[in-house]
Amino acid sequence: VSRQLKEEIRRGFARLEDPLAGLLAMLESSSDWKGKGHSLGYCITTELQLWIKAHPAVPQSGTKLKKLQARVLGMLSQCPANLLDPLISIYQLHTADRNYLLEHVSHLYLQGNYKEAAMLSIKLKLQPDQDVEKMCTPLLLQDKANLVEEYVAEYPELQRKLLQTLDTWCEPSFNMRDITRPYQGLSKYKPEKFNRRVLSKLIFRLLERFNVDSALCPNVINQRHLRTLNYLFYKRFVEKTMTEENWADHIQSTVGENRWLQGHLVQSLLRHCDARGAARWAQHCQVPPEMLPQAVAEELQKLHIKDRVEEVTKVDNYEASKKKDYYQLPIPRENIHFLQTWEETLMCWEKVLQAGQVVGVDMEWKPSFGMVGKPHVALLQLALKDEVFLLDLSRLLEQAEAEGEKEKLPHFIQMLYSDAAIIKLGYGMSGDLSSLAATCSALKDTEKQMQGVVDLLAVDKQVDGLSPEHSHEERGVRQPEKGLSLLVQHVLGKPLDKTEQLSNWEKRPLREEQILYAASDAYCLLEIYERLCKDPESFGLGSDLTESLMGKQSKKPRAKKQLNKQEAPSPSGQEFQGPRTEPSGPPAPISPQEFSVVCDNMLQGLGRYLRCLGVDVRLLDNEDDHRKAAEIARQEGRVILTSGLPYQTLRSQVGEGRCFSVNCSQKAKEQALQVLKHFNVQVSLGDIFSRCQ
């Protein structure tokens, strides 16, 4: 606003006998102020607000002010959001009779102006005197979850009430129509946005944002645990990529003493094992005998010591086959050090923080299985040529805090990452560092400060002949290798044994298998690096890459970008379109009902188009991390549809052919045709709109 206009406005106020009544008269007779942006009405209103501060005698009181307040309240529901605060301040609405304000908001609500009623309640801080369920329900039906969050933001008691209400709606026996029925004629009503899945997601977001105890929402927590339980059974009995001990750890921590989950555990055991096997696992997981079907209870009585003997023999045979098939640590077991005290850790830092040192770095955390919050790093692995250090991070941070020196450990970690004279090797460092920042806030800027790092995920994309399908042919029945395991197989000859990857890394003591897995994950980076540096040409790597491998890339500001997991270049330096290896023939035709996908964010248009054709689609929101697509794909057996650079990261986290890159320059219809053709999905007339409510 020009200075001249401001001066003219202020002179106008000075000439008015009653500036407050004058402003209202002007706003009431003009429609200009109702538009978006900074209208003339907005400029005049904000100038009056400033002018009043300079002339404290102007504000009124008593009957005259009450009349003005009544007039301004009638305008607030129509005025743009940027005028709410100035008008509330000028007419001192916070001092108005509270019952009168509540009555006015109630009138707005009854007229169906739910958004306006909520916004005015927030501005006037009326929430403690309102029914949180009544105020928030129509907002959720209009897909205004952000306004609901704002409504309860400053009131912990309302947050708890809202969460309890939402959790009640997620009860399996609850009828959602009881909620939606009174609002059938609601404007901007979005019933597709009001279901248990969306509500569950909202509940977890609110639990995390407001730091509320998740025990308040038993229904969504149980449902999430049940999905975890089903996923664990899939990993153990279908995919067969989890050891018994690892699986049992997770089953016990997931089910605990929850009777409802124990019932589901027994049902799943009977689906995947015979009665004897179900009895053995029921005993191991401490399921109360009265919950077992008769056949399983009888087997529980018959369990003998010979079962144990058979199991030990099986484990021995399994260990022998592992040595033959998988990468093995070339250093003796006594050179792997598990560190839990500061004194032990100091000896480690003395060896690690030396100029010219090459360090393989990896981290482990307990799988979240979709629960609230970012994972916290439980173990930090540092591998040198002759030994590996496993730092019990949670124990060391606890100890440092108890001694009043909580900055000690973060200081050493920052020294390591910021020292250009020490080469740090990782695989997908960006994800590791974001988890490290969630574990210890003092490390949140580590990624910005790091120098001398080589992310082998970026190198992985440039290595010739790296194909999960090739690996699958060689190894028959086992799952195709991917990610770091595939790189290890290609460069060192054998893949990593990933059966401990989804371990409970917070449980102490760690099992021997976990210790060996954690050490191998960090040490193999040293061997890959050494092999690639010695003979880059045989892996299709050029001399420019050799230079970057030797740690020089950290000095070039642009190369740092390459190290980000999300931004790894493809071998051609261009966007990757579809899987790298073409299948030998077209896949068998399937119907849209048999085809389920998860669409990465920014592909909502494609997702909606496919859903119209009868495809089972889940959509990521724009604020969701790309990695969430991989989590959903693994848990629900979906194909990931993505585009651009995230394809590089996501395809390494799911099976071959389970991630597809669409051309983001095309329209939704063209993208959908590309997807249907690639997966040989045959759409019939009956499929069109078959999923629409």
Quiz item: Rounded, prolate or oblate: which fits region 592-679, taking a ≥ b ≥ c as square roots of the Cα gyration tensor eigenvalues, rounded meaning a/c under 1.5, else prolate when a/b beats b/c?
Solution: rounded
Practice problem: Search the structure for amide H atoms under 5 Å from the amide H of Ala378, placed 1.01 Å from N in the peptide plane, and list their residues when 5 or more places away or on another chain. | Solution: Glu364, Trp365, Lys366
Quiz prompt | Under-5 Å amide H pairs with Ser596, H placed in peptide plane, nonlocal only | solution = Val639
Exercise. Hand me the chymotrypsin sites (Phe, Trp or Tyr not before Pro) from region 608-693 located in a DSSP loop with no more than 13 other Cβ atoms within 10 Å, in residue order please.
Key: Phe689
Self-check item: Cleavage-rule hits (trypsin sites (Lys or Arg not before Pro)) in region 185-229: DSSP loop, at most 14 neighbouring Cβ within 10 angstrom
Solution: Lys188
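Kindly sort Met415, Met135 by accessible area of their heavy atoms, largest first, with the probe set to 1.4 Å. Don't skip to the answer; put the middle values down first.
On the way: Met415 80, Met135 15 Å².
Per-residue accessible area, sorted high to low, gives Met415, Met135.
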Quiz item: Which ³J(HN,Hα) values, rounded to whole Hz and listed in residue order, are derived for region 260-269 from phi using the Karplus coefficients 6.51, -1.76 and 1.60 in 6.51 cos²θ - 1.76 cosθ + 1.60 with θ = phi - 60°, glycine and proline given as x?
Solution: 4, 5, 4, x, 5, 4, 4, 4, 5, 4
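Loop only per DSSP, at most 14 neighbouring Cβ atoms within 10 Å: give me the trypsin sites (Lys or Arg not before Pro) in region 658-693, ordered by residue number.
Values: sites: Arg658, Lys667, Lys669, Lys677, Arg691; in loops: Arg658, Lys667, Arg691.
Here the trypsin sites (Lys or Arg not before Pro) that fit, given the DSSP loop and packing criteria, are Lys667.
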Practice problem: Determine the shape class of region 220-304: with a ≥ b ≥ c the square roots of the Cα gyration tensor eigenvalues, call it rounded for a/c under 1.5, and otherwise prolate if a/b is greater than b/c, oblate otherwise. | Solution: oblate
Self-check item: Table column - 3J(HN,Hα) (Hz), region 425-436, Karplus curve with 6.51, -1.76, 1.60, x for Gly and Pro
Solution: 9, x, 9, x, 5, 4, x, 4, 6, 5, 5, 5
Exercise. At a 1.4 Å probe radius, which order do Glu154, Glu656 fall into by accessible area, largest first?
Key: Glu154, Glu656
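What is region 334-447 by shape, rounded, prolate or oblate, if you read a ≥ b ≥ c off the alpha carbon gyration tensor as root eigenvalues and call it rounded for a/c under 1.5, prolate for a/b larger than b/c, and oblate otherwise? Mind dumping the intermediate values first?
Working: a/c = 1.44, a/b = 1.24, b/c = 1.16.
Rounded shape, in that the Cα axes give a/c under 1.5.
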Quiz prompt | For region 589-600, Karplus couplings with θ = phi - 60° (6.51, -1.76, 1.60), whole Hz, Gly/Pro x | solution = x, 9, 8, x, 5, 8, 9, 10, 9, 10, 8, 4
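Any of Lys240/Lys324; Lys448/Lys628; Lys67/Lys134; Lys324/Lys494 with alpha carbons more than 20 Å apart? Name them for me.
Details: Lys240/Lys324 18 Å; Lys448/Lys628 24 Å; Lys67/Lys134 30 Å; Lys324/Lys494 9 Å.
With Cα atoms farther than 20 Å apart: Lys448/Lys628; Lys67/Lys134.
The values are calculated or read from the model by the stated rules, or taken from the named source; none is laboratory data. Computed from a predicted structure; not experimentally measured. Positions of Cβ are generated from backbone atoms using ideal geometry, with glycine treated the same way; all protein chains shown enter the neighbour counts. Quick note on the areas: whole protein, heavy atoms, side chains included, nothing else; ligands and nucleic acids left out. Shrake-Rupley method; radii C 1.70, N 1.55, O 1.52, S 1.80 Å.
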